[in-house]
Each structure stands twice: as C-alpha cells, then as structure tokens.
Amino acid sequence: MVFLWPTLLWLLLAVPLLVLLYWWLLHRRKKTALTYSSLSLVREAVGPGQHLRRHIPPALFLLALVALLLAAARPLAVITLPSQDQTIMLAMDVSGSMRAADVEPDRITAAQNAAKAFIADLPRHVRVGIVAFAGSAQLAQLPTQSREDLVKAIDSFQLQRGTATGNGIMLSLATIFPDAGIDIAALGGRQAMRPRPIEELGKQQDPAKTFTPVAPGSYNSAAIIMLTDGQRTTGVDPLEAAKWAADRGVRVYTVGVGTVQGETIGFEGWSMRVRLDEETLKAVAARTNAEYFHAATAADLKKVYETLSSRLTVEKKETEISSLLALLGAVLALVAAGLSVWWYGRVM
C-alpha cells in the first residue's frame, strides 16, 4: 500500500498520545473516587466483565480514528476488480484431427460445447471474437456481445486439412489491433497453405507509425485463448506469432486437447497420426506471460474454460481505497457510540 499524501501519516502520532490521555483520566478518576468501607462489595457489584467492558467503546473509537487518519492520507492498493473493457479472442482448431474420438463424443464437439458454455458464463459486457484455423485462418465472428451470433459461428465450423496455429494467433492479433499492419489476406486462402516467414505479414504496416514493444502480459483489455489438438504443419511459426503478441502485451492462453501420445485417425479415405505438441503450446503461453492447460477429457476441457472465465473477467488495478477506510472508520465510531449509550446511557 502506498499513499498519495504520506505527510498526513504524521497525524497518527496523536494516537499514542490519546492512549496516554485515556490512561491519565482513568488514573485521575481513581484518586478522586469515594472511599468505600469494603472494596470487595464494590467488585461483587460491578462484576468481572464490567471492568473490561468499559474499555471497549474507547478502543473502538480509537480504531475508528486510525482508519479515518489513514483515509486522509489517500492510500492506494492493488485490488481485483471486474474488467470493464475486455475482448477475448477464441482461436479454435478446426483441422481434420479434431474428429478424433478420444475425447467424448469427439474432440470438435467437446470443444464446441465447452466454448459455448464458456461464452454463456461470461459477463454480458465482455466482447468475444472467434477465429477458426486449420491450414489457414478465418475470422468466424468479429468481437461482439451477442451470444447468439457467437453460438452460430461455433456451430458452423467445418473441418479442414492442415494446422496453422501461428496463423490463428496472428489473425486474432490483427482483429484486436486493426492498425498493427498485419496482412490478413496472407493468413487465409491458398497462400497460407505453406510455411512462411512472419516478416511477410507486415508489408501493410504504415512506415510513419512507430511501434514500441511493451511488457508481456501488460495489455489488460484483450486476451487470446488458443485451442488445438495437433502440431503446426503450415503457416507462420507459432513461437514467432507469440512474440508479436508478447510485444503488444497480449496474453495467449493455450489449451491442448487430446492425448500427448497421439492417435491415428481416418479422414476421407486417408489416415494420419496426430500428436499434441505440448512443448510449443507451453512455450507460446510462457512467452506471453499466460498459462497452458491440458484437457484429456470433455470434463477437463469444461474445467479449463471455467478457470479461464474466472481469470479473464477480472483485473488487478491500483485503486484509491480512501472511501473504504472512511466507511470503516464511520462504522467503528457509530458502534462505539451505540455501545456506550446502551451500556452507560451516555457517549463515553
């Protein structure tokens, strides 16, 4: 905790002085008290609890004063608050390997169901966009608050060949930052169906605009969730795409679906061996200051999205908490006064 007006903290020195004054008043009252013939009779009449109870209202009033003095110094603290301006991009793998049935009923259906449940649980003010990637990447839905449009986009997925995980990240970034100079046309269509250097995607950037990298994970207004079940076979290198995201402060949370050992599946008369590339997914998440999650079952996938929902809809901010301390001080002062009137018929 830091204070905007730290010099006012010197006023706290008055607190021990008030304690000494209270002790002095009690001591003076004892000297001026009447002399009774038997002190034991007084103790029996007062009772053991009365001696301690008389100190409770002054103690509460003293705590109230401390809270009010701290509030006057205008404290700042890092607290967790609901995010007010948030965009989440779902980059989802729609490659042929997503038809594998090791995740019931199959990978693509489990991913669609989990994504729809994730969207339904988000606060209404959070915008969500959807990118579908296989051999290329396409924007299935612009960021929107309409949950119905998002569900329609998810239900319209068509499985294709290839896995361009890097293209999915880059198209998500291009959607978040339309002026980043990313060649969106190069991310989809036939020209995306080959490994390519990431430098080719920046040809549209305005030379008059200068870009200054920021700390990874420092951009709190948007995040990317990439779900995939295989290795990159085409498109840009996902680690280079992750560097673009890291330089812009965008976190890329990666979700690996299926088994690490891999599985052989058939598709349109041909078979292929699919294996989850956990190393790359972990590296992408680490480079962007995010996290990697593994979902081997549909239940695991649902839990992953529930975890991400709780993390992405809040953010930590340095916020002035003077009002909270002032409220605490007022409540303590009212309680002290109320107890004093209730027990003794007067305010201390």
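Can you work out the FRET efficiency for the pair Phe177 and Thr109, with r the C-beta to C-beta distance and R0 = 41 Å, to the nearest 0.05?
Numbers: r = 32 Å, r/R0 = 0.79.
The pair Phe177/Thr109 has a calculated efficiency of 0.80.
In nm, what is the difference between 0.36 nm times the number of residues separating Ser323 and Asp300 and their Cα-Cα distance? It would help to have the intermediate numbers written out before the result.
Numbers: separation 23, 0.36 × 23 = 8.28 nm, distance 4.18 nm.
That works out to 4.1 nm of additional length.
Take peptides 164-177, 330-343, 7-20 and line them up by average Cβ neighbours within 10 Å, highest first, as a rough protection proxy.
Values: 164-177: 27.7, 330-343: 15.4, 7-20: 11.8.
Answer by packing, highest mean first, reads 164-177, 330-343, 7-20.
Filter Lys152/Lys243; Lys282/Lys302; Lys243/Lys303; Lys116/Lys303; Lys152/Lys302 down to the pairs with a C-alpha to C-alpha distance above 24 Å, please.
Numbers: Lys152/Lys243 32 Å; Lys282/Lys302 19 Å; Lys243/Lys303 28 Å; Lys116/Lys303 13 Å; Lys152/Lys302 19 Å.
Listed pairs above 24 Å: Lys152/Lys243; Lys243/Lys303.
So if R0 is 56 Å, what FRET efficiency would Arg124 and Arg53 give, r being the distance between their Cβ atoms, rounded to the nearest 0.05?
On the way: r = 51 Å, r/R0 = 0.91.
Once rounded, the FRET efficiency stands at 0.65.
For Gln145 and Glu278 in the same chain, what is the full-extension length gain: residue separation times 0.36 nm, less their Cα-Cα distance, in nm?
Length difference between fully extended and current span is 44.7 nm.
For labels at Trp343 and Ser218 in the simple 7 Å Cα→Cβ model, what's the distance in nm?
Going by the 7 Å Cα→Cβ label model, 5.4 nm.
Write down the Å³ per residue value for the convex hull defined by the alpha carbon atoms of region 79-161. Could you put the intermediate results ahead of the total?
On the way: hull volume 8.6 nm³, N = 83.
Considering the Cα atoms of region 79-161, their hull volume per residue is 104 Å³.
Can you compute the FRET efficiency between Arg311 and Val331 using 1/(1 + (r/R0)^6), with r the Cβ-Cβ distance and R0 = 25 Å? Round to the nearest 0.05. Before the final figure, lay out the partial values.
Working: r = 32 Å, r/R0 = 1.29.
According to the calculation, E is roughly 0.20.
Would you mind counting up the charge near Pro213? Only other residues with Cβ under 13 Å from its Cβ, with Lys and Arg at +1 and Asp and Glu at -1.
With Lys, Arg at +1 and Asp, Glu at -1, the neighbours total +2.
Can you tell me the length gained on complete extension of the stretch Arg99 to Leu21, counting 0.36 nm per residue apart and subtracting the Cα distance? Can you show the working numbers first?
Details: separation 78, 0.36 × 78 = 28.08 nm, distance 7.88 nm.
My answer for the length gained is 20.2 nm.
None of the figures in this text is laboratory data; all of them are computed from the coordinates on show. Just so you know, these numbers come straight off a predicted model, no measurement behind them. In this analysis, Cβ positions are derived from the backbone assuming ideal geometry, glycine residues included, and neighbour counts consider all displayed protein chains.
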